[in-house]
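Following: one structure in structure tokens, then a few remarks.
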Amino acid sequence: MKLENRLTVKGVLFAAVTGVVWSATASADVTHESILKADPANWPTYHGSFKSWHYSALDQINSKNVKGLKEAWSHMPSRATRGLQSFPLAADGVLYYTSAYNQLYALDGATGAVLWIYKQKLDEDLVAKQTHSPYNRGVALGNGNVYMGTLDGKLVAVDMKTGKLNWETKLVDSKKLTVGFTGAPLFVKDKVIIGAQGGEWPGRGPIFGVEAKSGQLVWTFNTSGGNEGTPSDRRDTWGGDSWKTGGGGGWMAGAYDPETDTVWWGTANPAPLYDWAGPEWQTKGPRPGTNLYTTAVILLNPDTGELKNYHQELPHDAWDFDSSMGEFVFLERDGKKYVVHPNKGGHVFVYDRGGKVQNVYAGVDNINFVKGVDPKTGELIGRRDMVEGKHTNLCPAIAGGYSWNAGTYNPKTGLYYRVGYEWCMDLEIVKTTPVLEPMAQLNIGANFTMHGPGNEKAWGHVRARDPITGKVKWSMDFKNGIPHGSLLSTGGNLLFIPEADGHLSAVDASTGKVLWRHNNGNLHDGGIITYLAKGKQYVAVEVGKGSLVTDGYGDLWGEPYTSMPTDGGVLKVFALD
């Protein structure tokens, strides 16, 4: 890497051209093998470990002493437009996190001291045109690098110890599509896997496998239609040439099962998002057919990108209830192995390790886009397909019965905890201009207004349930703003809930009893982790409002959400005295 216009001030080296600042050496390396070991001192991957539990066995902070939890330090990033939506990672006492405009920070996990800062040089004009920006939702660690997808379609590798750019690879033509990467990559063996935005955009929603050391692109899987000339080619499920601009994508990090050497990835909705064909969607409308592999769970070979299996959770998704939240919880129960996956429609799909449906249950109360889902096959029962024109009370609303924020599974309680959303919407489906080639166009096909179910205000809940059967043990309701941060459970019998009104709560994981609360001053839209630094346990949470979901909280509930800023954020870290 060339460094020009160097300026050294008090031992800090500033690289004006690349935007890299560093002043200290960061942590040791993270490898595929070290992630497999799942050391609770670290949080080395988006979902915490390959099991995707969002759980830590650490118990220095527990249900008996959590009342003594205090703010230890905080860090405020620059240009925190649309708050903070990323997920911190921690390795060997160093904490890594991102903010808007692809800014990346390495901090001392015990003190918050800045070790280095990396700022990606972006095409600012391009970013200004994007609808889903400038936020970033996380990074991956591995092979001595921090891997980050950029708003302008690149994957970059930044040295974990120095903050220097090691390589960058252009994967998406963002100038043509105004689409890039907002979700976190997944580091698996010697590959970095990342999914592009797709959904409402007229492209093919690719997922990429990249060589971790060199940045060389190894494979691409097109979620819209599959790959030509391979067994995955299902362009026949798209009428005409609609597969060319079919949307899709996998915008959140998936998961990896080391036992079967399989990557699980959830895919996004097809484009246009809403379809005026109604019940005649098999033969009419802008995208006739089932539209594989959108709104599906796909199983891929991490080395080649070869499709091993799939289950399309919503064939011909006409509601934007996609499967692309990357939460795949790997569990064992009574000698059987399962994968638990929630989707935006408010259902939880339970699979075996080969991708076959074992059970499906509703995680929220207000669902009417289908009458049900067959728990044995996963097939939809009684679809509500809408024609052009106005429709009322579609449930859940476009933001989903479940959102992209992560739940958590606690092996000590045996419970799975998830935020559920009880809201609906009125909408008007319109015919959009046919898109004949990929271009900078957000292809939604409807106008909508969100509201509560029936005569109620919108509300939500955190429910603790059996992850396989769905049976609820306890529930906590939220009537004035639904949490939109991710959840965390620990070996100390704690469940941490970053609430919408700014409070961070710690509750008894077995009963739901609130044990501790602290007001962080703004809504939570990002991740929460716990880790060890210098032998001491810390809890780190991201604070700051600005996601496309929480943008509407002021209209739904008024204050304090109306006055909450969307141009600031802070990382807050807590510990015992």
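The values are calculated or read from the model by the stated rules, or taken from the named source; none is laboratory data. None of the values given here were measured: they were computed from a predicted structure. Heads up, the Cβs are rebuilt from the backbone with ideal geometry, glycines too, and the neighbour counts pull from every protein chain shown. For the accessible areas, the whole protein counts, side chains as well, though only heavy atoms, and no ligand, DNA or RNA atoms are used. Shrake-Rupley method; radii C 1.70, N 1.55, O 1.52, S 1.80 Å.
Of everything in the stretch 31-45, what is under 22 Å from the mean Cα position of the chain (by Cα), at pLDDT 95 or above and part of a loop (DSSP other than H, G, I, E, B)? Give them in sequence order.
Pro40, Asn42, Pro44, Thr45
Within the stretch 169-183, identify whether any single residue is in contact with a Lys or Arg (Cβ under 7 Å, 6 or more places away or on another chain) and within 23 Å of Leu36 (Cβ to Cβ), and answer yes or no. Give the steps one after another, and end with the answer.
Pass one, the stretch 169-183, residues in contact with a Lys or Arg (Cβ under 7 Å, 6 or more places away or on another chain): 169-171, 178, 182-183.
Keeping just the survivors that are within 23 Å of Leu36 (Cβ to Cβ) gives 183.
Yes.
Test of understanding: among Trp251, Trp243, which residue is closer than 26 Å to Ala399 by Cα, open to solvent by 10 Å² or more (accessible area, probe 1.4 Å), touching a helix residue (DSSP H, G or I) at 6+ places or on another chain (Cβ under 6 Å) and not in a strand (DSSP E or B)?
Trp243
Would you confirm whether any residue within the stretch 157-167 is at pLDDT 95 or above, touching a Gly at 6+ places or on another chain (Cβ under 6 Å), open to solvent by 20 Å² or more (accessible area, probe 1.4 Å) and farther than 17 Å from Arg82 by Cβ?
Checking the stretch 157-167: at least one residue is at pLDDT 95 or above, touching a Gly at 6+ places or on another chain (Cβ under 6 Å), open to solvent by 20 Å² or more (accessible area, probe 1.4 Å) and farther than 17 Å from Arg82 by Cβ.
Please pick out the residue among Val114, Val139, Val146 that is touching a strand residue (DSSP E or B) at 6+ places or on another chain (Cβ under 9 Å), β-branched (Val, Ile, Thr) and closer than 14 Å to Ser78 by Cβ.
Val114
Residue check: is Tyr361 open to solvent by less than 60 Å² (accessible area, probe 1.4 Å), in a strand (DSSP E or B), touching a residue at least 40 places away in the same chain (Cβ under 8 Å) and more than 22 Å from Tyr553 (Cβ to Cβ)? Show your work before the answer.
Working: open to solvent by less than 60 Å² (accessible area, probe 1.4 Å): yes; in a strand (DSSP E or B): yes; touching a residue at least 40 places away in the same chain (Cβ under 8 Å): yes; more than 22 Å from Tyr553 (Cβ to Cβ): yes.
Judged against the criteria, Tyr361 is a match.
Would you tally the residues in the stretch 197-221 being of a type in the set (A, V, I, L, M), without any contact (Cβ under 8 Å) to a residue 60 or more places away in the chain and closer than 23 Å to Lys51 by Cα?
1
Just to confirm my filter: which strands (runs of 3 or more DSSP E) fall fully inside the stretch 373-430 and include at least 2 residues that are surrounded by fewer than 19 Cβ atoms within 10 Å (Cβ to Cβ)?
380-383, 389-394, 424-429
Has the stretch 129-138 got at least one residue that is part of a loop (DSSP other than H, G, I, E, B), surrounded by fewer than 24 Cβ atoms within 10 Å (Cβ to Cβ) and modelled with pLDDT of 95 or more?
no
Name the pairs: first residue in the stretch 492-511 and in contact (Cβ under 8 Å) with a residue 40 or more places away in the chain and of a type in the set (Asp, Glu), second residue open to solvent by 10 Å² or more (accessible area, probe 1.4 Å) and in a loop (DSSP other than H, G, I, E, B), Cβ to Cβ under 9 Å, at least 6 apart or on different chains?
Asp501/Asn480; Asp501/Pro560; Asp508/Ser63; Asp508/Asn493
Can you find even one residue in the stretch 333-347 that is under 22 Å from the mean Cα position of the chain (by Cα), in a loop (DSSP other than H, G, I, E, B), under 26 Å from Asp190 (Cβ atoms) and not basic (Lys, Arg)?
No; the residues of the stretch 333-347 include none that is under 22 Å from the mean Cα position of the chain (by Cα), in a loop (DSSP other than H, G, I, E, B), under 26 Å from Asp190 (Cβ atoms) and not basic (Lys, Arg).
Would you check if there is a residue in the stretch 279-293 being more than 24 Å from Val210 (Cβ to Cβ), assigned to a helix (DSSP H, G or I) and not aliphatic (A, V, I, L, M)?
Taking every residue of the stretch 279-293 in turn, at least one turns out to be more than 24 Å from Val210 (Cβ to Cβ), assigned to a helix (DSSP H, G or I) and not aliphatic (A, V, I, L, M).
Within the stretch 284-305, count every residue that is closer than 21 Å to Phe330 by Cβ and open to solvent by 10 Å² or more (accessible area, probe 1.4 Å).
2
For the stretch 72-82, does any single residue satisfy the condition of being among the polar types (S, T, N, Q) and open to solvent by less than 10 Å² (accessible area, probe 1.4 Å)?
No: zero hits.
Please go through the stretch 534-557 and pick out each residue that is surrounded by fewer than 24 Cβ atoms within 10 Å (Cβ to Cβ) and over 20 Å from the mean Cα position of the chain (by Cα).
Correct list: Lys534, Gly535, Lys536, Gln537, Gly554, Asp555, Leu556, Trp557.
Looking at the stretch 48-71, I want the residues that are assigned to a loop (DSSP other than H, G, I, E, B) and have a partner that is at pLDDT below 95 with Cβ atoms under 6 Å, at least 6 apart or on another chain. Which pairs are those?
Once the first residue is assigned to a loop (DSSP other than H, G, I, E, B) and sits in the stretch 48-71, its partners that are at pLDDT below 95 give Ser49/Ala38.
I'm told Pro467 meets every condition in (1) under 18 Å from Asp551 (Cα atoms); (2) in contact (Cβ under 8 Å) with a residue 24 or more places away in the chain; (3) out of contact with any helix residue (DSSP H, G or I) (no Cβ under 7 Å at 6 or more places or on another chain); (4) not charged (D, E, K, R) except one. Can you identify the failing condition by its number?
(1)
Considering only the stretch 520-533, how many residues are out of contact with any His (no Cβ under 8 Å at 6 or more places or on another chain) and open to solvent by less than 10 Å² (accessible area, probe 1.4 Å)?
Here the count works out to 7.
May I ask you to verify whether Asn480 is polar (S, T, N, Q), open to solvent by 10 Å² or more (accessible area, probe 1.4 Å) and at positive phi?
Numbers: polar (S, T, N, Q): yes; open to solvent by 10 Å² or more (accessible area, probe 1.4 Å): yes; at positive phi: no.
Against the criterion (polar (S, T, N, Q), open to solvent by 10 Å² or more (accessible area, probe 1.4 Å) and at positive phi), Asn480 does not qualify.
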